[in-house]
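A quick write-up on the structure given underneath.
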Amino acid sequence: MRNNVRATVVATTASTATAVVLACLGAPAHADDVTVTPVQSGFFAGTDPVGVDVDASGGRWIVSNNAVRYFPVGSTTATKTIAGAATGFGYPNGVAVDADGSVHVIDGSNDAIRIFAPGANGDVAPERVITGASTGIVSLSGIDVDAAGYIHVADAGASAVSTFAPSASGNARPLHRIVGPRTQLSGVSGVVRRGSLLWVVSSEADAAVAFAYGSSGDAGPVSVLGGSRSRLNNPSALAFDGGGNLYVTNNDAARHVVVFAPSSDGNATPARVVRVASRPNGPNGVAVDPRRRVTLINISNSTTDVLPAVMTTAPSAPRSLRVSGTSRSRTRTVSWSTPAADGFTAVTGYDVRIMAGSKVVRSATRSATQRSYAVSRSALGKGKRVAMVRARNAKGAGAWAKLTFSVS
């Protein structure tokens, strides 16, 4: 999975209710608890969903009922289903898609990682399988594939995390294997690489633990996020979005999503706690697409929920700011294009100002679909003027776009 362009997801086989924890850059000091209604929900991914991932387009791969299904963005109808005898599946319980579209599936009952070709569909055999005594695999519970193609797996049976080469096949030895008492790993159930760190869920320690990438053996973590203020309670899965916000599933029906700054460490206070409306139990897997929409799978309810972005920002400045006419035109029209970045939530309107130095000569508001403002020359006065426009969304107002023009 490409952490630099989209979220990374790890889901687990836990049959207990779980919830989600997020980490957010620039989060406020105290938690802001909110209830969010899904934009999509139901049983469309099948009963007993146990694994979820998103690709670069935002499409979702979901593991349930001994099959791996693909749902395009916005769709509740699968366009691909990998299932059948040729797959070799015993009990698939996690999925990760790499940059090339290869589908990596952990098979919990067979202690194997099965890699399917891009575009795989139907009763097809994997291109290769990683399994055997040399792998050290005991009971897999999470998987991530990083931007370079390295395969990281959480092993609940061994309380360990292993990294395999992108081309690993058969009875391959892991390149790195983190295991031992100094690791603080106990009941691992999720793993994801983000930059120079390898993050792991340590469920029984109620913590998210980070190791320097490349660590091996009985290595101590460089960061441990947990404690009473963190509101982590038997966490089980984690993911990053493209902005570096960290999402971790947590076994608590009232705390489905909790937000921390990515640099948070120790007993940090979350910035936000999100509960999913009408869900008595928490989810056991999480994925965040490029638009920061959050997909949650819930084995207890047999449901899949898609939430709108919960970590939004103010929009960027409007583009292509122009002022029509010449300095002597009777009417000047300020026009602009939509911002390059809407902040992961819809633009709701625009503020317009025309300035003479520090004095506001004219001001107006426009709706999201109105992107121009006409004003008479007489209302502008003479001299240098500055047209300023900014966009607004539910998060707030963004940066001003500015353009100087003359009136004579």
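Counting Lys and Arg as +1 and Asp and Glu as -1, each charge on the Cβ, what is the dipole of segment 311-381 about the Cα centre in debye, to the nearest 20?
In total the dipole reaches around 480 debye.
Projecting the Cα positions of GLY94, SER64, VAL334 onto the charge dipole of the chain (unit charges on Cβ atoms of Lys, Arg, Asp and Glu, taken about the Cα centre) puts VAL334 furthest along the positive direction.
Run the accessible area of segment 100-172 with a 1.4 Å probe and give the carbon-and-sulfur part as a rounded percent. Intermediate values should be presented prior to the final figure.
On the way: 1070 of 2270 Å².
Carbon plus sulfur share of accessible area: 47 percent.
For segment 281-306 and segment 387-408, what is the centre-to-centre distance using only Cα atoms, to the nearest Å? About 37 Å separates the Cα centre of segment 281-306 from the one of segment 387-408.
Here the accessible area of segment 298-346 is 49 percent carbon and sulfur, with a 1.4 angstrom probe and all protein chains present. Neighbours of ILE297, meaning other residues whose beta-carbon lies under 11 angstrom from its beta-carbon, give a summed charge of -2 when Lys and Arg score +1 and Asp and Glu score -1. Here the dipole of the chain is about 3440 debye; that uses its Cα centre as origin and unit charges on the Cβ of Lys and Arg (positive) and Asp and Glu (negative).
How many percent of the accessible area of segment 191-252 is carbon or sulfur, using a 1.4 Å probe? Mind showing how you got there, number by number?
Numbers: 800 of 1790 Å².
So the carbon and sulfur contribution to the accessible surface is 45 percent.
Note on segment 298-378: dipole from Cβ charges, positive end direction compared against VAL360, GLY325, THR303; the farthest Cα belongs to GLY325. Computed over protein heavy atoms with a 1.4 Å probe, the accessible surface of the chain works out to 37 Å² per residue. Dipole size of segment 98-206 about its Cα centre, with +1 on Lys/Arg Cβ and -1 on Asp/Glu Cβ: approximately 360 debye, rounded to the nearest 20. If R0 is taken as 25 Å, the Cβ-Cβ distance between LYS402 and SER196 corresponds to a FRET efficiency of 0.05.
Ranked highest first by average number of other Cβ atoms within 10 Å, how do 365-378, 284-297 line up?
On the way: 365-378: 14.1, 284-297: 27.1.
Descending packing order for the listed peptides: 284-297, 365-378.
Note down the relative contact order for the chain as a percent, whole number, built from C-alpha pairs under 8 angstrom at least six residues apart.
18
Look at the dipole of the chain built from charges on Cβ: of VAL191, GLY349, PRO315, the Cα furthest out on the positive end belongs to GLY349. Over every Cα atom in segment 112-256, the radius of gyration and the widest Cα-Cα span, Dmax, amount to 15.4, 47 Å. What is the distance, in nm, between label points placed 7 Å from the Cα along the Cα-to-Cβ direction at ARG377 and at THR37? Roughly 5.2 nm, to one decimal.
Kirkwood analysis of segment 142-205, using all unique Cα-Cα pairs, places the hydrodynamic radius at 11.9 Å.
The values are calculated or read from the model by the stated rules, or taken from the named source; none is laboratory data. No experiment lies behind these values; they were computed from the predicted model shown. Reconstructed Cβ throughout: ideal geometry from the backbone, glycine too, with neighbour counts over all protein chains shown. Just the protein is used for accessible areas: all its heavy atoms, side chains included, with ligands, DNA and RNA removed. Shrake-Rupley method; radii C 1.70, N 1.55, O 1.52, S 1.80 Å.
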